[in-house]
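The values are calculated or read from the model by the stated rules, or taken from the named source; none is laboratory data. In this text the structure is predicted, and so the values were computed from the model without any measurement. When we count neighbours, we look across all protein chains shown, and the Cβ atoms used for this are built from the backbone with ideal geometry, even at glycine. Heavy atoms of the whole protein, side chains included, go into the accessibility calculation; ligands, DNA and RNA do not. Shrake-Rupley method; radii C 1.70, N 1.55, O 1.52, S 1.80 Å.
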Amino acid sequence: MADDQLQWLKKINWRKILKKYGLMISFIALSVVISFVTPNFLTSRNIMNMLRQSSIIGIMAIGTTFVILTGEIDISVGSVLALTGAMTLGLQTVMPWPFAVLVALAVGAGIGLINGLLVSKIKIVGIITSLGSMTIARGLTYLYTGGYPVLGSQDSFKYIGSGYLGKLPFPVMLFIVLVLFWQFILSRTPTGRYICAVGGNKEATRLSG
């Protein structure tokens, strides 16, 4: 039995496994080490806090995933988040928060549209385009906020960031729902297949219609 297990271990392509799952393995190993060094690391409160914070980055990563799949890159997402987030809070002093959210979404969509047109129509390299929009969005954020924290969040709006749905933070539930929805779009719809095809070979995709 020992010889069979040894042969089975030799047949495993460890290099391929490390290449595919190396980041995940490193993350698990780092978590184990930190859990021994920091006693409070694996507490439910700390885990919920980490999930809440990571969900914001995860939601941004969903959109960036579609850009990367087409063979491009967008480094402006962080600055656009800062601008639209500041606008959402600031506009709540003059309008209900749902309208403030819609205005901020429109601004973010507008920046994305301009990036897309510059890349697809004028043929500017994606990283250069998004570098410019990142700088502009960051500058607009400083102008809008004056370099100071923005206040004015309405009580009902705070639920989106700090509320709970059952025992899970609402941002985490929102992230899970968005992942499932966009994964369905990506894997089960023609649009998703087109996106993957363009990233694989843009010219072949064009020639195949």
Problem - Per residue value of the accessible surface for the chain (all protein chains in place, 1.4 Å probe), Å² - result: 71
Practice task
Indicate the gyration tensor shape class of segment 100-150 (rounded, prolate or oblate), computed on the Cα atoms with a ≥ b ≥ c the square roots of the eigenvalues: a/c under 1.5 is rounded; otherwise a/b larger than b/c is prolate and the rest oblate.
Solution key: oblate
Practice task
With +1 on each Lys and Arg Cβ and -1 on each Asp and Glu Cβ, and nothing else charged, work out how big the dipole of segment 69-209 is about its Cα centre, in Debye to the nearest 20.
Solution key: 280
Problem - Accessible surface of D155 - all protein chains present, 1.4 Å probe, nearest 10 Å² - result: 130
Handout entry: Spacing of the two label points (7 Å from each Cα toward its C-beta) at L117 and L151, in nm
Key = 3.9
Handout entry: Most to least packed among 182-190, 98-106, 169-177 [average Cβ atoms within 10 Å]
Key = 169-177, 98-106, 182-190
Fill in the blank from the handout: Check: C-alpha center segment 51-130 vs C-alpha center segment 163-181, spacing in Å is 20
Problem - Residue-by-residue Karplus 3J(HN,Hα) for segment 58-65, coefficients 6.51, -1.76, 1.60, Hz, glycine and proline x - result: x, 5, 5, 5, 4, x, 5, 4
Practice task
Give the span of the chain's Cα atoms along each principal axis, as three whole-Å numbers ordered largest to smallest.
Solution key: 74, 56, 30
Exercise for the section: Order the peptides 28-38, 79-89 from the highest to the lowest mean number of other Cβ atoms within 10 Å of their residues. Expected result: 79-89, 28-38
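How many percent of the alpha carbon pairs in segment 142-208 exceed a separation of 15 Å?
71
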